[in-house]
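Encoded as structure tokens, the structure appears first; notes follow it.
The values are calculated or read from the model by the stated rules, or taken from the named source; none is laboratory data. Just so we're clear, the structure is a prediction, and the values are computed from it rather than from any experiment. We place every Cβ from the backbone using ideal geometry, glycine too, and count neighbours over all the protein chains shown.
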Amino acid sequence: MKRILLLSIIILVFALPEVLNAQVLKYELTVETAFTDPYPIEPGNNLVLSLSLFNNGSLDAANVVMQLEPIEPFTLIESSKKELGLIKIRQTRLVEYDLYVDSSAVSALYEIPVRVTYDVNKGFVRTVQVRVQGEPKFELLDVFSGTISPGDQGNITAKLQNVGTGKARRTSVTFTSASDYVNPVLSGGVAYLGDVGPSEIKQTDFTILAHSDSEYGVYSGKINVTYDDESGNELAEVFDVGVLVSGEPKLQVYKVEADREESDLTVELVNVGNAEAKAIAATLLINGKVFDVDYVTSIKLDKRSTLKFSLPSSMRGKLELSYEGPDNKQYSQMEDVAWVIPFTFPTWIIIIVVIVIAYFVWKKKLWKKIF
């Protein structure tokens, strides 16, 4: 019995190392993402995907082959198979792949399969992660302010599009004016758009006031867009815009005077509108027929100008006015005019009367009584 026990112990002593070796000696290869360049990758661009293959086992791995199996939206630019040969125990090998990300890719964390084979008939499949993150970017498609007259409120409509590849979050739009003559009305210069996805178009309105002293012209301003990208980074873009302040001229007859001695008729006009009147043509009509015409280059806001006509025998007529406003817009109006011709003696009659009186005084010798 003792001999059998001793023999069993001897057999176990010699067999134990083999059993231990069978348990310890094994293959253990791991693959993971080392880095991506750039990170994160933006849709429509190329990237370098670097993978690390580590031998964490107790046996060398021979005939190692790595093969990347890209999925949409990734396209492999080179061969997917990399022959690595022998990877010793505790050794790490870096393998790089050149990839392209389709421009239509949405922001997400993608998993790409990687197949590793070694020692002819051994292998496994793992997935590595690649983050795709688009970059938002805004473009001002159009800005429209309509016609805003001095002293009036109006709206500026701005149309914005996210032409980038990522979503813009917490998007705010602000209008600021470079002039004191055009300003937003209270909170009318701020708009909140929230999240704006790629290719999405947003439209917003701003309420502004044109000062009553403003004149015709384009007043400069800025539209500021602030937003966060998908990583929380704050971004901003600024667009220069112009606000058109228009208005209309309006002429009014201020005064009409007739001068018998100069034989002319003076008509004074005043511009009571809110824009300059230019290229003014004035036609004096008597009994519906053209009597005389005069011209004035321009009359600015609240300014006056004088027209001169030949003096007609009549004391009533019509004044036909035609002129240009902003953007060469044509205006016309008809005004009734009337005047009084002052009565004056001709000079030659006065001279004759003086001579007659002087002769009468001399003839009657009245001058002796007077003096």
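Within the stretch 86-133, how many residues turn out to be assigned to a strand (DSSP E or B) and either acidic (D, E) or under 53 Å from the mean Cα position of the chain (by Cα) (or both)? Steps first, answer last, please.
Narrowing the stretch 86-133 to residues assigned to a strand (DSSP E or B): 86-87, 92-101, 108-118, 122-132.
In the following step, the residues that additionally are either acidic (D, E) or under 53 Å from the mean Cα position of the chain (by Cα) (or both) were identified as 92-101, 108-116, 125-132.
The number of residues fulfilling the criteria is 27.
Restrict the check to the stretch 250-264 and report whether at least one residue is closer than 19 Å to T157 by Cα, touching a residue at least 24 places away in the same chain (Cβ under 8 Å) and not acidic (D, E).
Step one: of the stretch 250-264, the residues closer than 19 Å to T157 by Cα are none.
Within the stretch 250-264, not a single residue is closer than 19 Å to T157 by Cα, touching a residue at least 24 places away in the same chain (Cβ under 8 Å) and not acidic (D, E).
Say whether the condition of being in the same structural domain as D142 (by TED's automatic domain parsing) and among the basic types (K, R) is met by at least one residue in the stretch 253-274. No, the stretch 253-274 contains no residue that is in the same structural domain as D142 (by TED's automatic domain parsing) and among the basic types (K, R). Checked against (1) at pLDDT 90 or above; (2) touching a strand residue (DSSP E or B) at 6+ places or on another chain (Cβ under 6 Å), K250 passes all but a single condition, namely (2). Taking interchain pairs and intrachain pairs at least six residues apart, which have beta carbon atoms under 7 angstrom, with the first residue in the stretch 146-161 and at positive phi and the second exposed (fewer than 13 other Cβ atoms within 10 Å of the Cβ)? Cβ pairs passing all conditions: G151/S212.
Condition check ((1) of a type in the set (D, E, K, R); (2) modelled with pLDDT of 90 or more) across all residues:
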{"position": "V173", "(1), (2)": "no, yes"}
{"position": "G188", "(1), (2)": "no, no"}
{"position": "V196", "(1), (2)": "no, yes"}
{"position": "T204", "(1), (2)": "no, yes"}
{"position": "D213", "(1), (2)": "yes, no"}
{"position": "S220", "(1), (2)": "no, yes"}
{"position": "V225", "(1), (2)": "no, yes"}
{"position": "F239", "(1), (2)": "no, yes"}
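From the residues in the stretch 211-242 that are over 24 Å from R169 (Cβ atoms) and aromatic (F, W, Y), which one is nearest to the chain's Cα centre (by Cα)? Applying the filter and picking the extreme gives Y219. Among all residues of the stretch 250-272, there is none that is assigned to a strand (DSSP E or B) and under 25 Å from the mean Cα position of the chain (by Cα). Looking only at the stretch 307-320, decide whether some residue is among the small types (G, A, S) and at pLDDT 90 or above. Yes, the conditions are met somewhere in the stretch 307-320. Selection of the stretch 121-145 for residues being farther than 30 Å from V48 by Cα, without any contact (Cβ under 8 Å) to a residue 40 or more places away in the chain and of a type outside the set (D, E, K, R) yields only F144.
Count, please, the residues in the stretch 225-241 that happen to be surrounded by 15 or more Cβ atoms within 10 Å (Cβ to Cβ) and out of contact with any Leu (no Cβ under 8 Å at 6 or more places or on another chain). Break it down into steps so the answer makes sense when it comes.
Within the stretch 225-241, the first condition is being surrounded by 15 or more Cβ atoms within 10 Å (Cβ to Cβ), and the residues that meet it are 225-230, 235, 237, 239, 241.
Cutting the leftovers down to out of contact with any Leu (no Cβ under 8 Å at 6 or more places or on another chain) gives us 230, 235, 237.
Final tally of qualifying residues: 3.
I want to confirm something. Restricting to the stretch 298-342 and keeping residues that are touching a residue at least 60 places away in the same chain (Cβ under 8 Å) and in a strand (DSSP E or B), which single residue is farthest from L251 (Cα to Cα)? For the stretch 298-342, the residue satisfying everything is A338.
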